[in-house]
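These notes are about the structure you will find just below.
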Amino acid sequence: MKYFKPIQQCLLITICIFLSTKLLAQQSEHLIPKDAVTVFSINNITLLQKISMDDLVKYEFMEEVQQELFDGSTSGKTLKDSGIDFDQKLNVFYGRTDNYELSGFTFGIKNKDQLFVVFDDFERMASNYPGVEFYGSYFNNLIIKGNSAILVRVEPTMEIVDQITDSIWYARGNENPWYMYDFMEEGIDEGIYDNEMNQNDTMEGFDSFQYSFDENINEKNYYELRDSVQMVIQAKYLRNVFDELLVDNVNLVNFDKRFAQQLTHTSEGIFYLDNSRNVQKARGLWYIQTVFPSLYKDIRELYSGNVLLGDLLLKENSVEFNMEAHYGEALGSIYQKMNDSKFDKNVLKYIHKDNTAFFNYNVNLREAYEQAYKVIMPILTDEKNPQISANVLTIELLNEFVNKDALFGTYKGSMFGTFNGIQKIKTTKIEFSYDEETFEYIEREVEAEEDMPIFTLGFTTDRGDIPQKVLRHLSRLTSRFQNMGDYWVYKEAILESAPLYMINKNGLFIFTNDENLAKNYSSGYGKLAISRKTAKKVRKSGFMYGHINWAQAIDRFPRDFFRPEQNEILDAMRGKTGIMELTTSKTTREKTEFQLVYKFEGEYENSGKYLLDLLNSIYVISK
Amino acid sequence: MRFLALFGFILVFGLTSCIEIIDDITIKNDGSGMLKYTVNLSSSKLKINSILALDSLEGKKVPSKDEISQRIYAFGKKLEEKNGVSNVSISTDFNDFIFKMSCEFTSLSALQNAIKEVVQEETKEKSSSELDHNWMSWDGQKLIRSIPDITIKKTKELKADEIESLKQGSYTSITRFERMVEKCENPNAQISKNKMAVMMRTNPYALTQNYNLLENTIYLSPLKN
């Protein structure tokens with residue numbers, strides 16, 4: 001046995017070294033800056049097990065990536081030749097701070113030589129960080145640490161660039177930079193500077209014009225100064241990001257445990273969005289932040305803990321996207337009250353079994369209002385500001401005087417919508433009729449038919465008498481509103497051509513352009529409504545349920561709105577069957593879970609391939 | 001005529017809608033006359049309204065009603081300024097999408113020259129083979145008329161449903177005179193019961209496939225002294 005002891009020790013040491021190199025090795029996710037607010041992380045191993053790279057690079061959305069990476073100098077090559085280590089995760093990120101935006105992606109490196117055949121525009125730069133290589137190309141920065149890299153771009157916000165530029169500009173004793181612009185505008189109006197502007201109708205024209213008035217041509221004009229400021233602060237912010245990442249070793253993984261936890265999931269991809277930091281950096285809040293700092297602090301607290309975490313799962317015949325919306329207790333209490341609503345089963349009567357897509361949104365606006373009043377009003381009341389005090393008083397008076405029973409009885413908040421594809425609807429057209437004697441012609445209005453997407457949108461109401469009152473009055477004002485007994489019609493309401501029908505029955509107020517529904521099924525579709533099985537799913541889902549028959553939706557897309565190449569992709573998708581379904585959990589004070597499942601049938605190589613087909617279609621359509 | 005025909009066809013190709021065009025020309029014995037041109041898109045008004053509600057379509061900016069109107073009126077204004085053309089009248093109806101243009105002319109050659117000049121100004125084309133020839137000629141006894149070559153190449157790019165739309169449209173060409181028509185060479189031409197007008201009808205798709213379809217020579221009865 002004693003002979004085995006050294007062997008055992010050697011074996012143990014080897015295993016320890018192997019494990020420590022695996023566990024402690026720099027991974028691509030450790031290069032994600034902590035300021036990243038949105039991250040989509042792809043677990044390459046599992047994805048690539050199912051999708052060949054040769055197939056991957058055929059997609060139109062990948063062509064764009066390839067162009068970016070290969071920029072023609074290595075045409076004919078694919079991502080396979082890029083030297084990227086597909087055993088590491090690929091993490092795409094975006095973030096925004098008060099002063100700059102940063103975006104990019106981190107990835108693993110397998111072969112550095114191959115990588116620089118791809119990233120051939122990047123030039124090596126001096127590095128102040130031991131063991132880290134720096135490369136730059138225009139505004140892009142490629143940093144390699146160990147076997148991982150980050151491609152990042154940091155852009156200062158225009159607000160901070162303008163602020164610093166103005167400060168320097170005025171400190172140098174300059175006039176308002178826009179003064180010259182105004183003067184030049186007058187010159188253009190009078191036709192004095194026509195020639196100059198024709199030759200230089202861009203900003204260059206402005207600069208050359210300005211030079212002629214400047215005493216010292218060696219001094220920077222406003223725009224040149226701004227460019228310089230932008231470059232300097234860009235370098236400064238970039239250094240801050242790198243110092244934090246490479247010296248302090250602070251990254252998103254060790255900054256936010258929720259993200260670190262999400263990374264441990266074995267799904268094909270994970271998603272992270274820190275909404276609380278999004279709120280803090282929202283451009284619209286700068287006014288509140290500046291004028292009402294304590295209110296801004298309270299809003300931040302309200303949104304603390306607000307994060308979206310998601311998993312993408314590729315299965316044999318389905319693609320699943322599971323998402324959890326987390327929030328703080330105060331906001332959670334409002335969401336919980338809002339989503340604690342009794343399901344209105346009357347909705348189910350108005351969803352046809354052959355619909356292309358439908359959704360149901362089940363909320364209790366009254367409860368949400370009461371809870372929001374409880375949570376938000378104390379925050380506003382504490383604010384010692386005359387403007388906010390006046391607003392608080394207005395809200396409190398409205399709360400006392402407005403008949404909330406009538407208001408929230410009329411609009412309870414729950415709604416549903418359906419899309420039934422494209423159908424012929426009745427319109428009118430002008431026809432010319434000719435006199436055989438002279439061939440003179442007269443115009444006459446005749447009935448016509450045109451294709452239109454058919455939709456229905458309905459709201460739950462306890463006070464059907466109130467919309468009825470409004471419609472009655474409107475019908476007195478214009479003959480375009482007509483009471484047809486079971487329904488109302490508003491002629492030429494949609495795009496000044498098609499009628500809109502309104503049904504006020506069964507505790508629902510419904511808008512639709514479906515003449516068949518209004519005329520023949522104003523009390524519901526009866527046996528033609530969705531099946532019990534689907535109805536059960538809708539009832540069981542939390543505050544929201546959505547359903548899309550992808551095959552029908554594709555077939556019913558209006559072709560005219562897409563370019564020929566987009567229609568080609570859509571045509572490729574036609575004939576493939578699939579159902580997309582969105583369900584939600586019951587909302588608690590801490591979180592709400594969402595699940596988007598895309599199930600499909602047919603002859604597909606695998607679900608990853610089908611997902612990419614789908615992504616490509618969406619990419620092509622939205623391009 | 002060419003510009004007007006193209007205007008109609010731009011709408012057709014741009015919107016692939018069902019279109020009706022009426023091209024109505026009156027020729028007096030002295031060669032002067034009146035042209036009335038009508039484009040009726042009322043059967044596609046829902047589609048056009050939905051397109052006008054968009055900012056852009058197929059990567060191109062969708063013009064507003066005001067911009068379309070301005071362009072049409074600018075065309076009318078330019079035409080009015082040309083020699084031999086007067087009383088240009090434009091009407092735009094954006095409820096039913098019916099656009100009308102009418103003008104008086106001293107001679108067919110004056111009308112054709114005026115249209116060619118405006119088209120050149122509008123399209124910035126210095127010369128074009130399609131603008132070189134005259135599509136109407138009048139010698140006091142007979143009228144020879146045709147339809148200019150309408151970008152036939154474009155129809156090859158059309159999809160089946162767009163072709164169907166064009167087939168459902170109509171192109172009506174009416175020629176009126178101050179005296180009776182004796183005969184016409186095109187067998188598809190109809191002579192009115194009072195013998196003072198000739199009408200030919202086809203659909204825009206057929207016209208794009210054969211622009212000679214509406215070619216006709218109309219012989220009139222001799223002038224009475």
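The values are calculated or read from the model by the stated rules, or taken from the named source; none is laboratory data. Being a predicted model, the structure only gives us computed values, none of them experimental. Neighbour counts are summed over all protein chains in view; Cβ atoms, including those assigned to glycine, are modelled from backbone coordinates with ideal geometry.
Across region B:57-76, the number of residues qualifying as more than 11 Å from chain A (Cβ to nearest Cβ) and without any contact (Cβ under 8 Å) to a residue 24 or more places away in the chain comes to 10. When restricted to residues that are facing chain B (nearest Cβ under 7 Å) and either touching a Leu at 6+ places or on another chain (Cβ under 7 Å) or part of a loop (DSSP other than H, G, I, E, B) (or both), region A:416-444 contains 5.
Scanning region B:31-52 for residues that are at the interface with chain A (Cβ under 7 Å from one of its Cβ atoms) and either within 30 Å of B:L111 (Cα to Cα) or not in a helix (DSSP H, G or I) (or both) yields B:N40, B:S42. Total residues in region B:205-224 satisfying the condition of being more than 25 Å from B:K167 (Cα to Cα) and either in contact with a helix residue (DSSP H, G or I) (Cβ under 9 Å, 6 or more places away or on another chain) or exposed (fewer than 15 other Cβ atoms within 10 Å of the Cβ) (or both): the figure is 5. Of the residues in region A:461-482, not one is buried (at least 18 other Cβ atoms within 10 Å of the Cβ), polar (S, T, N, Q), within 12 Å of chain B (Cβ to nearest Cβ) and not in a strand (DSSP E or B). Here's a check for you: in region B:77-95, which residue that is away from chain A (no Cβ under 14 Å), more than 18 Å from the chain's Cα centre (by Cα) and crowded, with 16+ Cβ neighbours inside 10 Å is farthest from A:I442 (Cα to Cα)? That would be B:K82. Of all residues in region B:170-212, those that are more than 12 Å from chain A (Cβ to nearest Cβ) and over 14 Å from the mean Cα position of the chain (by Cα) total 15.
Scanning region A:80-116 for residues that are free of Cβ contacts under 8 Å to residues at least 40 places away in the same chain and hydrophobic (A, V, I, L, M, F, W, C) returns A:I84, A:L115, A:F116. Checking A:I334, A:I351 one by one, the residue that is touching a residue at least 12 places away in the same chain (Cβ under 8 Å), closer than 22 Å to A:S531 by Cβ and surrounded by 22 or more Cβ atoms within 10 Å (Cβ to Cβ) is A:I351 and no other. In the set A:S497, A:S522, only one residue is within 14 Å of chain B (Cβ to nearest Cβ), among the polar types (S, T, N, Q), more than 24 Å from A:S341 (Cα to Cα) and under 38 Å from the mean Cα position of the chain (by Cα); that residue is A:S497. Only a single criterion out of (1) in contact with a strand residue (DSSP E or B) (Cβ under 7 Å, 6 or more places away or on another chain); (2) under 23 Å from B:L214 (Cα atoms); (3) modelled with pLDDT under 90 is not satisfied by B:T16, namely (1). Candidates in region A:336-364 are the residues that are basic (K, R) and in a helix (DSSP H, G or I); of these, the one that is modelled with the highest pLDDT is A:K349. The conditions of being farther than 30 Å from A:T588 by Cβ, within 14 Å of chain B (Cβ to nearest Cβ) and part of a loop (DSSP other than H, G, I, E, B) are not met by A:E492. So is B:I98 within 14 Å of chain A (Cβ to nearest Cβ) and modelled with pLDDT under 95 or not? The answer is yes for B:I98. For region A:130-182, the set of residues classified as part of a helix (DSSP H, G or I) and aromatic (F, W, Y) consists of A:W169, A:Y170, A:W178, A:Y179, A:Y181, listed by residue number.
Evaluation of B:K28 against the conditions (1) modelled with pLDDT of 90 or more; (2) within 14 Å of another protein chain (Cβ to nearest Cβ); (3) surrounded by fewer than 17 Cβ atoms within 10 Å (Cβ to Cβ) shows that the sole unmet condition is (2). Going by the conditions given, is B:L143 loosely packed, with under 14 Cβ neighbours inside 10 Å and either assigned to a loop (DSSP other than H, G, I, E, B) or at pLDDT 90 or above (or both)? For B:L143, the condition - loosely packed, with under 14 Cβ neighbours inside 10 Å and either assigned to a loop (DSSP other than H, G, I, E, B) or at pLDDT 90 or above (or both) - is not met.
Of these, A:N322, A:N317, A:N339, which one is touching a Phe, Trp or Tyr at 6+ places or on another chain (Cβ under 7 Å) and surrounded by fewer than 20 Cβ atoms within 10 Å (Cβ to Cβ)?
Being touching a Phe, Trp or Tyr at 6+ places or on another chain (Cβ under 7 Å) and surrounded by fewer than 20 Cβ atoms within 10 Å (Cβ to Cβ) holds for just one of A:N322, A:N317, A:N339, which is A:N317.
Residue-level check: of (1) under 30 Å from A:R532 (Cα atoms); (2) in contact (Cβ under 8 Å) with a residue 24 or more places away in the chain, A:Y369 misses just (1).
Number of residues in region B:146-180 that are modelled with pLDDT of 85 or more and aliphatic (A, V, I, L, M): the value is 2.
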